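Here the structure is laid out as structure tokens; the discussion comes afterwards.
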Amino acid sequence: MASTQSRSKKRGKAGVASEGGSLGFDDAALVDFYRSMVQIRMFEDAAQRGFRTGKIGGYLHLYSGQEAIAIGFLHEYQAGDRIITAYRDHAHAILLGASPREVMAELYGKGTGLVKGKGGSMHLFDVENGLMGGYGIVGGHIPLGVGMAYAQRYQQTEGIVQLYLGDGAIHNGAFHEAANLAGLWGRDGMNPCLFILENNNYGMGTSVERATAMTDLSAKFDSYGIAHEDVDGMDLLAVLACAKRVVAQVRETGRPYAIEAITYRLSPHGAADFLERYRTKDEINEWRQRDPIGLLEERLLEAGAANDDQLAEVRQEARAVVDDAVKFAEESPEPALAELYTDVYAGAPVD
Ligand SMILES: Cc1ncc(C[n+]2csc(CCOP(=O)(O)OP(=O)(O)O)c2C)c(N)n1
Ligand SMILES: [Mg+2]
């Protein structure tokens, strides 16, 4: 059987414009990007171990393979912006400023967690840092994100919304109604919403080809008058260059814009998904060659921004941060009984 990778129009690098010949950042910044990348990957690996050893309950979706997208776009985050995503949200929370400790503790359902153990993996929330969730209902967050973008302009702020969605979510009715309004309101500069469509080629076990007869996903935005472009979601430097330009444009114009970031999840759909009958080993291995961490490593070494020893040291430091987060989560107390009814309804009196 031919790998699905060769059948798709938008897999891998093909058809995706790459920007910027030079690396465009100083060595320290590049090494910091690498640090974020490996820290997120190690965090996800540790979360997976926690889930499979029964310490993390509920459900768990990892971001492994997609790191370059959140790192690249959140690099353009400004205070006041709103970020909203689905359930693959650990990286977003950490990149926006939550500590790995509180995010891991949240996955463990502990009282020290980011939302005091009440949200778990799929419902991270951090208003102070602009994270408006974390949602488990596929597509359910899209109307909320578009509404937040309207509110930004209605309240005359400079803020924008970064709205992350998956290739599966785009087929949900909620997407189409919300995108229609985004396009409409955007005509008057009232919808600074950046749609970041993370096309990782699958919605659970269903490939894009099996989910729609029109596989050029970003073209769906045409129906709503929303301009769009593709980016190679495995190439951090390409994402950074794209993000810098398009975030500024959305902020300036108040019009929505869409990015289709071509990527691949290197992990199963969810941490309990052992049997990946829907994709071949060949396909996974092919994508591993384009692992965003490996690609960045190559670029850094080639450009002389870091050497092997420095990168090994960064990995060691990242490992220590993640180990510390796990220890913190394991040793943290369960939520106090008195917290049972707090933060459940806004303003509800608690006896
Ligand atoms: C409304 C709704 N329908 C179905 C599900 C079950 N479900 C969970 S994840 C998922 C696939 C979504 O795929 P995609 O949007 O591509 O996101 P990815 O998991 O690839 O990040 C489905 C169908 C759900 N959570 N919500
Ligand atoms: Mg997907």
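Only the coordinates and a few stated rules stand behind these numbers; no lab work does. Keep in mind that what you see is a predicted model, and the values were worked out from it rather than measured. Counting neighbours? That spans all protein chains shown, and the Cβs are built from the backbone with ideal geometry, glycine included.
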*Has the stretch 176-192 got any residue that is polar (S, T, N, Q) and touching a strand residue (DSSP E or B) at 6+ places or on another chain (Cβ under 7 Å)?*
no
*Determine whether Arg251 is touching a helix residue (DSSP H, G or I) at 6+ places or on another chain (Cβ under 7 Å) and among the basic types (Lys, Arg).*
no
*Identify, by number, the condition in (1) within 30 Å of Glu283 (Cβ to Cβ); (2) surrounded by fewer than 24 Cβ atoms within 10 Å (Cβ to Cβ) that Val127 doesn't meet.*
(1)
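Examine the stretch 281-290 for a residue that is within 21 Å of Asn180 (Cβ to Cβ), in contact (Cβ under 8 Å) with a residue 24 or more places away in the chain and in contact with a strand residue (DSSP E or B) (Cβ under 9 Å, 6 or more places away or on another chain), and state whether such a residue exists. Explain how you work it out, then say what you get.
Taking the stretch 281-290 first, the residues within 21 Å of Asn180 (Cβ to Cβ) are none.
No, the stretch 281-290 contains no residue that is within 21 Å of Asn180 (Cβ to Cβ), in contact (Cβ under 8 Å) with a residue 24 or more places away in the chain and in contact with a strand residue (DSSP E or B) (Cβ under 9 Å, 6 or more places away or on another chain).
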*Kindly indicate the residue of the stretch 122-135 that is without any contact (Cβ under 8 Å) to a residue 60 or more places away in the chain and either assigned to a helix (DSSP H, G or I) or within 16 Å of ligand 2 (Cβ to nearest atom) (or both) and also farthest from the chain's Cα centre (by Cα) among those meeting that condition.*
Glu128
*Take the residues of the stretch 136-172 that are polar (S, T, N, Q) and over 15 Å from the mean Cα position of the chain (by Cα): which is nearest to ligand 1 (Cβ to nearest atom)?*
Asn172
_Restricting to the stretch 130-174, name every residue that is aromatic (Phe, Trp, Tyr) and farther than 22 Å from Thr263 by Cβ._
Tyr150, Tyr154
*Restricting the stretch 76-121 to residues that are free of Cβ contacts under 8 Å to residues at least 40 places away in the same chain and part of a helix (DSSP H, G or I), which is surrounded by the most Cβ atoms within 10 Å (Cβ to Cβ)?*
Glu106
*within 17 Å of the chain's Cα centre (by Cα) and part of a helix (DSSP H, G or I): does that describe Phe73?*
yes
*Which of (1) more than 16 Å from ligand 2 (Cβ to nearest atom); (2) within 17 Å of Glu67 (Cα to Cα); (3) outside any loop (DSSP other than H, G, I, E, B); (4) not hydrophobic (A, V, I, L, M, F, W, C) is the odd one out, the single condition Asn285 does not satisfy?*
(2)
_If I ask for residues that are touching a residue at least 40 places away in the same chain (Cβ under 8 Å) and either more than 16 Å from ligand 2 (Cβ to nearest atom) or surrounded by 23 or more Cβ atoms within 10 Å (Cβ to Cβ) (or both), which ones from the stretch 136-158 would you list?_
His141, Leu144, Gly145, Val146, Met148, Ala149, Tyr150, Gln152, Arg153, Thr157, Glu158
*Enumerate the pairs (first residue in the stretch 159-178 and closer than 13 Å to Ile84 by Cβ and in contact (Cβ under 8 Å) with a residue 40 or more places away in the chain; second residue anywhere and more than 16 Å from ligand 2 (Cβ to nearest atom) and among the aromatic types (Phe, Trp, Tyr)) with beta-carbon separation below 8 Å, excluding pairs fewer than 6 apart on the same chain, so at least 6 apart or on different chains.*
Gln162/Phe73; Gln162/Tyr77
*Out of (1) among the aromatic types (Phe, Trp, Tyr); (2) away from ligand 2 (no atom under 16 Å from the Cβ); (3) farther than 28 Å from Tyr34 by Cβ, the odd one out for Tyr108 is which?*
(3)
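If you take the residues of the stretch 315-335 that are under 12 Å from Thr112 (Cα atoms) and among the small types (Gly, Ala, Ser), which of them is nearest to the chain's Cα centre (by Cα)?
Looking at residues that are under 12 Å from Thr112 (Cα atoms) and among the small types (Gly, Ala, Ser), I get Ala325.
Here is a list: Thr215, Thr253. Which entry is surrounded by fewer than 20 Cβ atoms within 10 Å (Cβ to Cβ) and either away from ligand 1 (no atom under 16 Å from the Cβ) or within 19 Å of the chain's Cα centre (by Cα) (or both)? Walk me through how you get there before you give the answer.
Values: Thr215 fails: either away from ligand 1 (no atom under 16 Å from the Cβ) or within 19 Å of the chain's Cα centre (by Cα) (or both).
Matching residue, one of Thr215, Thr253: Thr253.
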